[in-house]
Amino acid sequence: MWSEVTAAAEAAVDDVDISSLPAAMRTLDTAALPAMARAVGRAGPFRPGIRRSGDQIADRVRVAPRHRWLLGRWLTVLCEEGLLQRDPDTGLFHALHPVRRRDVDEAAATVPGAAAALGYPAEIGDFFVAALADAPKLLADELAVQTLLFRDGELAAADGAYRDNVINRYLNAAAGRILHAEARRRAPLRVLELGAGVGGTTTAAVAGLAGFDVDYLFTDVSQFFLDAGRHRFGDSLRYAIADINARLVPGPFDVVLAANVLHNATHIGRLLDRLHAVLAPGGLLVVIESCREHYQALTSMQFLMSPREGMPRPGTDDVRAGTDRIFLTRDEWLGQLAAHGFRTEIELPEPTSPLTALAQHVFTARSSTDEQG
Ligand SMILES: C[S@@+](CC[C@H](N)C(=O)[O-])C[C@H]1O[C@@H](n2cnc3c(N)ncnc32)[C@H](O)[C@@H]1O
């Protein structure tokens with residue numbers, strides 16, 4: 001099955017020179033660094049001898065409480081990129097690389113070209129640039145990232161456009177072929193899709209399942225997406241609200257498909273246990289996930305991940321605890337799947353592919369037939 005899935009995924013991007021993608025990704029990443037550094041610099045000059053804690057920086061920059069985790073990620077990234085130092089004993093930050101407004105603007109000017117090379121529509125490149133320019137306001141919660149993303153009020157269009165890029169074309173094609181192969185193997189097939197959202201992966205899945213006897217349950221936490229899904233896919237699918245952090249819809253299912261949603265789990269291990277329980281023995285979990293936070297996402301889309309005041313942030317007491325990361329790394333995914341009764345079968349892109357620079361993966365994991373393993 002692996003080779004037919006790889007072939008389908010590669011065919012979906014055969015109009016792209018994938019060898020150029022790592023450089024474009026790096027450009028997009030590094031273009032976010034001056035804006036991060038300049039925002040952190042609002043804490044006051046980091047003159048020799050001045051050391052500040054993360055909390056002191058957050059206070060001085062006036063970061064809203066719900067976005068403080070994100071500032072923590074920025075500080076980590078700036079240290080990793082050599083633009084800031086952290087004292088290993090005290091944890092205090094010092095020696096911030098000075099950044100002028102002009103540096104921010106010059107870096108931002110490289111964003112539209114890099115975003116286009118990665119297959120993003122122009123409106124998404126513009127969104128990234130606007131988010132860099134307004135980084136301090138976003139951190140202070142004086143500006144909601146939704147205002148920049150959904151400028152024309154077209155929620156689904158902008159959200160969908162964000163995922164309309166080379167790696168998602170590749171991964172969605174893979175997912176469609178995986179479902180096709182699974183239907184060939186064991187139709188009639190009961191499919192549960194979680195966090196189906198604007199339905200980009202659904203479209204590929206439905207195409208892959210054409211001609212098979214399938215019961216497809218399209219779910220999301222938001223009624224908005226169910227209505228949009230019904231409008232788009234009609235009565236051939238069923239629709240229901242399902243929150244991955246609450247009781248799931250009753251099973252069993254032969255396949256659970258979850259594209260870019262499982263990182264919303266408050267506790268990934270407990271969620272995987274619930275997915276194991278909702279799958280039939282030998283059922284297949286198909287997961288698409290980002291395994292690294294692109295810096296450009298850290299200054300834009302990740303603001304959407306800040307919880308409302310008083311709500312828990314995903315991952316604070318699971319394998320992500322203490323990291324301020326929303327996305328699990330590839331190794332964390334493989335470890336968590338194995339620890340919660342799943343045997344990983346397929347993982348794409350393959351480790352040698354230039355597409356790995358985009359750090360988004362599809363995993364298929366088969367539920368063990370024994371009791372929870
Ligand atoms: C990043 S979008 C992904 C949408 C689609 N699967 C795709 O890849 O294009 C995340 C989706 O997960 C949904 N979502 C967020 N939190 C959720 C939760 N706790 N349970 C179920 N769905 C959730 C959102 O409403 C949104 O549609």
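The values are calculated or read from the model by the stated rules, or taken from the named source; none is laboratory data. Bear in mind that the values here come from a model prediction, so they are computed numbers and not experimental data. Methodologically, a virtual Cβ is constructed for each residue, glycine included, from the backbone with ideal geometry; neighbour enumeration extends over all protein chains shown.
Brief remarks on what is shown
- Selection of region 202-258 for residues being within 12 Å of the ligand (Cβ to nearest atom), among the aromatic types (Phe, Trp, Tyr) and assigned to a strand (DSSP E or B) yields only PHE218.
- Residue among THR299, THR266 that alone is surrounded by fewer than 21 Cβ atoms within 10 Å (Cβ to Cβ) and either of a type outside the set (A, V, I, L, M) or modelled with pLDDT of 95 or more (or both): THR266
- Within region 177-201, being at pLDDT below 95 and within 16 Å of the ligand (Cβ to nearest atom) holds for GLY197, VAL198, GLY199, GLY200.
- Checking each residue in region 13-27 for being in contact (Cβ under 8 Å) with a residue 24 or more places away in the chain and either surrounded by 20 or more Cβ atoms within 10 Å (Cβ to Cβ) or part of a loop (DSSP other than H, G, I, E, B) (or both) picks out VAL13, VAL16, LEU21, ALA24, MET25.
- Taking residues in region 165-177 that are within 9 Å of GLY208 (Cα to Cα), and partners anywhere that are among the acidic types (Asp, Glu) and away from the ligand (no atom under 13 Å from the Cβ), the pairs with Cβ atoms closer than 7 Å and at least 6 places apart or on different chains are ARG177/GLU4.
- Residue in region 310-322 that is modelled with pLDDT under 95, closer than 28 Å to ALA130 by Cα and either among the polar types (S, T, N, Q) or touching a Pro at 6+ places or on another chain (Cβ under 7 Å) (or both) present: yes
- Boolean, LEU298 is of a type in the set (A, V, I, L, M) and not assigned by TED's automatic domain parsing to the domain that holds LEU209: yes
- Subset of region 29-47 [within 18 Å of ASP87 (Cβ to Cβ), assigned to a loop (DSSP other than H, G, I, E, B) and in contact (Cβ under 8 Å) with a residue 12 or more places away in the chain]: ALA43, GLY44, PHE46
- Taken over region 289-337, the residue count meeting the criterion of being touching a residue at least 12 places away in the same chain (Cβ under 8 Å), under 30 Å from ALA108 (Cα atoms) and in a helix (DSSP H, G or I) is 9.
- Some residue of region 338-352 being among the polar types (S, T, N, Q) and modelled with pLDDT under 90: no
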